[in-house]
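Colleague: Following this message is one structure expressed as structure tokens.
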Amino acid sequence: MKISKIRGRAIGGVYSDKSAPVESRSTAEPASKPSVPKADNIELSRESRLMQKAGKAISQGEEIRLEKVQPLATAVKENTYEVEPRKVADSIIANLLTER
């Protein structure tokens, strides 16, 4: 099937390099009424607020105490570090309750 004309116009003209002027249609209000720009509004998610809180705590926190960190790092590296699930769960629940 060959299509050469659509509503009396040759299709080849569609691909020409000539550009036709485009009519501008303004939907803006008349110049007599000044438009007031709307203020941008940003709402942070709960996760981003927590990240900000963590960042502040880290920046205001104490120096890293190597005497505490080094034994833990060694235990993790040697695969001898044991987690106490009950303590972890209690701590998570306590933090969730105090956070609200």
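The values are calculated or read from the model by the stated rules, or taken from the named source; none is laboratory data. Computed from a prediction, not measured in an experiment: that's the story for all the values here. Note that we place each Cβ from the backbone using ideal geometry, even for glycine, and neighbour counts take in every protein chain shown.
Colleague: Report yes if S59 is among the polar types (S, T, N, Q), at negative phi and at pLDDT 70 or above, otherwise no.
Modeller: It is true that S59 is among the polar types (S, T, N, Q), at negative phi and at pLDDT 70 or above.
Colleague: Taking the range 74-100, which residues are surrounded by 10 or more Cβ atoms within 10 Å (Cβ to Cβ) and part of a helix (DSSP H, G or I)? Let's see the steps before the verdict.
Modeller: So the first thing to find is which residues in the range 74-100 are surrounded by 10 or more Cβ atoms within 10 Å (Cβ to Cβ), and the list is 74-76, 81, 88-94.
Result: T74, A75, V76, V88, A89, D90, S91, I92, I93, A94.
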